[in-house]
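Trainee: So that we are looking at the same thing, I have put the structure below in structure tokens.
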Amino acid sequence: MFDIHRVEVEWGGRPLILETGKVARQADGAVMATYGETKVLATVVSARAPKPGQDFFPLTVNYQEKAFAAGKIPGGYFKREGRPSEHETLTSRLIDRPIRPLFADGYKNDTQVVITVLSHDMENAPDILAMVASSAALTLSGVPFMGPIGGARVGLINGEYVLNPLVDDMPESSLDLIVAGTTDAVLMVESEAKELDEDTMLGAVMFGHQGFQPVIDAIIKLAETAAKEPRELTVPDHSALYAKIKEMAADDLKAAYTITVKTDRKNAVDAAKAKVVEALIDNAAEGEAVEATVLGDQFKKLEAEIVRGGIIETGNRIDGRDLSTVRAISSEVGFLPRAHGSALFTRGETQGLVVATLGTGEDEQFIDLLEGTVKAHFMLHYNFPPYSVGETGRMGSPGRREIGHGKLAWRAINPMLPQHHEFPYTLRVVSEITESNGSSSMATVCGTSLALMDAGVPLKAPVAGIAMGLIKEGDRFAVLSDILGDEDHLGDMDFKVAGSENGITSLQMDIKIDGITEEIMKVALAQAKDGRIHILGEMSNAISEARSELGEHAPRIEVMKIPVDKIREVIGSGGKVIREIVEKTGAKVNIEDDGTVKIASADGKAIKAAVNWINSIAAEPEVGMIYEGTVVKCVDFGAFVNFFGAKDGLVHISQLAPRKVGKVTDVVKEGDKVWVKLMGFDERGKVRLSMKVVDQETGKEIEKEDA
């Protein structure tokens, strides 16, 4: 019934199994991949022909995690999986990025890759397995995919590189790096690091590249017996059309790409294209009109030739810079008066307005993963409105690009945040990109660092980011620092590096050609370091370390500890007590299972009142300590004083003053504020207090000889 093909290989100390022919047999390609007891199914379906007029490659990658894979039932009202989570979206992007450049030029058939996590053993992360399974399914499918690729995760534990570390080992790692590529070259890198140097990061990339070679061999072995016949792809010859376009527009485009202002340059390019369209489409002789999509492809090809050739030949770029110069930078903090922290970061024609907000435990984000529910104390949200590039467009929920750019900036900043127990705030950063011409994600990194320091968040060090580009023609190449949007679109690499003066915290690389070498990466890392240090210097003109105090409008948080057996009393039946504390003091109160209590308010008096109230419930007064109290009742033999929250004690008439007292009301009356010392407890456990041993002016104990 089943024509099953199976390959097994030892990889990173565990067996990796790739199997096809049993599940999802109607897909063009389907592979069940197993690593440990983590199991994913990857399928590929590609249309037999492109849609008429299709001018781009419509590739979609959908990674989905099923709750049953971890023996769970989804939360929420509907109890089923809904829209993709941020983690699923990021993993979809992670797989898309290395496979997209390997489809044959000219292939524009609608193609969908669907990866489903069916089982998760809580030891082997499914994202790398999903990438491997996708590569295998594409290789078997018959579509013109110039793979296979491999992928691996690299950790750095106790100074040693580790291939595909287990989930439980990752908290000990100072590096979380994912690398993908072919037999000969690296195509994609994604990482978060704890201030590692360039050589260490490059070593990790090459270690991972070497580490996934057995996977590529296994996919090839599977394909030798199970791959479908390759689809025929006929790429039409448009060389004659290209020659016409070049003759008509080359000089105009060369002139346009000497204009340094983006909008003016765009207008000049559009004018050159309009002239070509008029000649070859609008006014063409009957039957000789060119398809708009074909003309557009060839015109873009001419743009790339002019821009790339100019950079390779002269070393001069579109805006007149040399290869390594960073555009002019302006940094400003405290931009928004009511925000807890804010910054306006401008680099050339790219600008980000970044705002930091400090919150409490109530503001933590609960994230439901297969591994369990986790709480996020740091959130970074990136928005890219269409006006930032002078266009109109849809406004709505964030897309994959916004989520990906936000996570990249999050990875760059996260290693530099203080430990949560040292700075117990929930942090939310929002980056609004107000102008864009190249690397708004790296502007977000810089702006986030500035905004957090402006808010008083004690970062370990300021962080900056820079985007590098590549132009490669044959054996000649040029690495570009701080790339423009046009250099990104027409270039071969998007290489983003973020970090402090001490080292790299995040590295992301995407290659649009069939991979780059170790030599090119080494040049790019060195050039990026120089650029990053320069940007940090420019940022320091605005702020170089966290403010010593939180902003005027930021909440203050006091952390205290109460015995676990007192938590129930502080909360009260049905939450009655804690609600009363919040309502009457105005402070927010969060109690954790271990007895940690976080009290937050912008008003210091409110925090103090809440602390005193909770202490009165959960703590016991100490003998020999002095407390401030209020006289609540006067009787013939003394005064009752409320001195420790809800606790009262008696000051006997003999303890009211250093002299003999005839009548209690001669010394105190109800409502008076007094200082008392806890002397101890009588035989019935009643509290004994004294006023006469305490100076009522200062609240300090009177020396015995003075008393």
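The values are calculated or read from the model by the stated rules, or taken from the named source; none is laboratory data. Please read these numbers as outputs of a predicted model, since none were measured by experiment. Ideal geometry is used to build each Cβ from the backbone, glycine not excepted, and the neighbour counts take in all protein chains shown.
Trainee: Just one of (1) modelled with pLDDT of 95 or more; (2) more than 26 Å from L196 (Cα to Cα); (3) buried (at least 24 other Cβ atoms within 10 Å of the Cβ) trips up C446, so point out which.
Mentor: Tallying (1) modelled with pLDDT of 95 or more; (2) more than 26 Å from L196 (Cα to Cα); (3) buried (at least 24 other Cβ atoms within 10 Å of the Cβ), C446 fails exactly one: (2).
Trainee: Another question about this same structure. Select from segment 418-471 the residues that are assigned to a loop (DSSP other than H, G, I, E, B) and of a type in the set (D, E, K, R) and write down the one among them that is farthest from the chain's Cα centre (by Cα). Outline the logic, then answer.
Mentor: So the first thing to find is which residues in segment 418-471 are assigned to a loop (DSSP other than H, G, I, E, B), and the list is 418-425, 436-439, 455-463.
Within this subset, residues satisfying the condition of being of a type in the set (D, E, K, R) are 422, 460.
On the way: E422: 21, K460: 18 Å.
Among those that are assigned to a loop (DSSP other than H, G, I, E, B) and of a type in the set (D, E, K, R), it is E422.
Trainee: Across segment 290-335, what is the total count of residues that are of a type outside the set (V, I, T), at pLDDT 90 or above, surrounded by 15 or more Cβ atoms within 10 Å (Cβ to Cβ) and touching a strand residue (DSSP E or B) at 6+ places or on another chain (Cβ under 6 Å)?
Mentor: Residues in segment 290-335 being of a type outside the set (V, I, T), at pLDDT 90 or above, surrounded by 15 or more Cβ atoms within 10 Å (Cβ to Cβ) and touching a strand residue (DSSP E or B) at 6+ places or on another chain (Cβ under 6 Å): 6 in total.
Trainee: Still on this structure, I have one more. State the number of residues belonging to segment 534-566 that are outside any loop (DSSP other than H, G, I, E, B), touching a residue at least 60 places away in the same chain (Cβ under 8 Å) and surrounded by fewer than 21 Cβ atoms within 10 Å (Cβ to Cβ).
Mentor: Our first condition is that a residue be outside any loop (DSSP other than H, G, I, E, B); within segment 534-566, this holds for 534-539, 556-561, 564-566.
Filter again for touching a residue at least 60 places away in the same chain (Cβ under 8 Å), leaving 534-536, 538-539, 557, 559.
Next, only the ones that are surrounded by fewer than 21 Cβ atoms within 10 Å (Cβ to Cβ) stay: 534, 536, 538, 559.
Residues meeting the conditions: 4.
Trainee: M146 is checked against (1) modelled with pLDDT under 95; (2) in contact with a strand residue (DSSP E or B) (Cβ under 8 Å, 6 or more places away or on another chain); (3) over 26 Å from P230 (Cβ atoms) and fails just one. What number does that condition carry?
Mentor: With (1) modelled with pLDDT under 95; (2) in contact with a strand residue (DSSP E or B) (Cβ under 8 Å, 6 or more places away or on another chain); (3) over 26 Å from P230 (Cβ atoms) applied to M146, the lone miss is (3).
Trainee: Now for a different question. Going residue by residue through segment 523-530, is there one that turns out to be of a type in the set (A, V, I, L, M, F, W, C) and modelled with pLDDT under 90? Give the steps one after another, and end with the answer.
Mentor: So in segment 523-530, the residues of a type in the set (A, V, I, L, M, F, W, C) come out as 523-526, 528.
Next, from what is left, pick out any that are modelled with pLDDT under 90: none.
No, the conditions are met nowhere in segment 523-530.
Trainee: Listed residues T373, T426, T360; which is on the phi < 0 side of the Ramachandran plot, out of contact with any Lys or Arg (no Cβ under 8 Å at 6 or more places or on another chain), among the hydroxyl-bearing types (S, T, Y) and in contact (Cβ under 8 Å) with a residue 40 or more places away in the chain?
Mentor: Matching residue, one of T373, T426, T360: T426.
Trainee: Against the condition assigned to a strand (DSSP E or B) and not assigned by TED's automatic domain parsing to the domain that holds A339, how does V676 come out, does it pass? Can you show your working first?
Mentor: Working: assigned to a strand (DSSP E or B): yes; not assigned by TED's automatic domain parsing to the domain that holds A339: yes.
Yes, satisfied.
Trainee: Inspect segment 604-615 for any residue being of a type in the set (F, W, Y) and in a helix (DSSP H, G or I) and give the result as yes or no.
Mentor: Going residue by residue through segment 604-615, those that are of a type in the set (F, W, Y) are 613.
With the extra rule that they be in a helix (DSSP H, G or I), the set shrinks to 613.
Looking for residues that are of a type in the set (F, W, Y) and in a helix (DSSP H, G or I), one finds at least one in segment 604-615, hence yes.
Trainee: Also: Looking only at strands (runs of 3 or more DSSP E) that lie completely in segment 333-409, which have at least 2 residues being under 20 Å from the mean Cα position of the chain (by Cα), within 28 Å of A542 (Cα to Cα) and outside the structural domain of K588 (by TED's automatic domain parsing)? Before you say what the answer is, go through the steps one by one.
Mentor: Values: elements: 341-347, 350-359, 365-369, 372-376, 378-383.
Once the strands (runs of 3 or more DSSP E) in segment 333-409 are filtered for at least 2 residues that are under 20 Å from the mean Cα position of the chain (by Cα), within 28 Å of A542 (Cα to Cα) and outside the structural domain of K588 (by TED's automatic domain parsing), what remains is 341-347, 350-359, 378-383.
Trainee: Listed residues V189, V162; which is more than 21 Å from the chain's Cα centre (by Cα), crowded, with 17+ Cβ neighbours inside 10 Å and either under 29 Å from R100 (Cβ atoms) or in the same structural domain as V132 (by TED's automatic domain parsing) (or both)?
Mentor: Values: V189 fails: more than 21 Å from the chain's Cα centre (by Cα).
Checking each option against the conditions leaves just V162.
Trainee: Still on this structure, I have one more. Considering segment 270-288 alone, what residues qualify as being assigned to a helix (DSSP H, G or I) and either at pLDDT below 85 or within 15 Å of E247 (Cα to Cα) (or both)? Full working, then the answer.
Mentor: Step one: filter segment 270-288 for residues assigned to a helix (DSSP H, G or I), giving 270-282.
Result: A272, K273, A274, K275, V276, V277, E278, A279, L280, I281, D282.
Trainee: Please work out which one of (1) in contact (Cβ under 8 Å) with a residue 40 or more places away in the chain; (2) within 30 Å of R231 (Cβ to Cβ) is the condition P84 fails and give its number.
Mentor: Of the numbered conditions (1) in contact (Cβ under 8 Å) with a residue 40 or more places away in the chain; (2) within 30 Å of R231 (Cβ to Cβ), the odd one out for P84 is (1).
Residues checked against (1) under 58 Å from the mean Cα position of the chain (by Cα); (2) of a type in the set (S, T, Y):
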position	(1), (2)
G662	no, no
T665	no, yes
E683	no, no
E701	yes, no
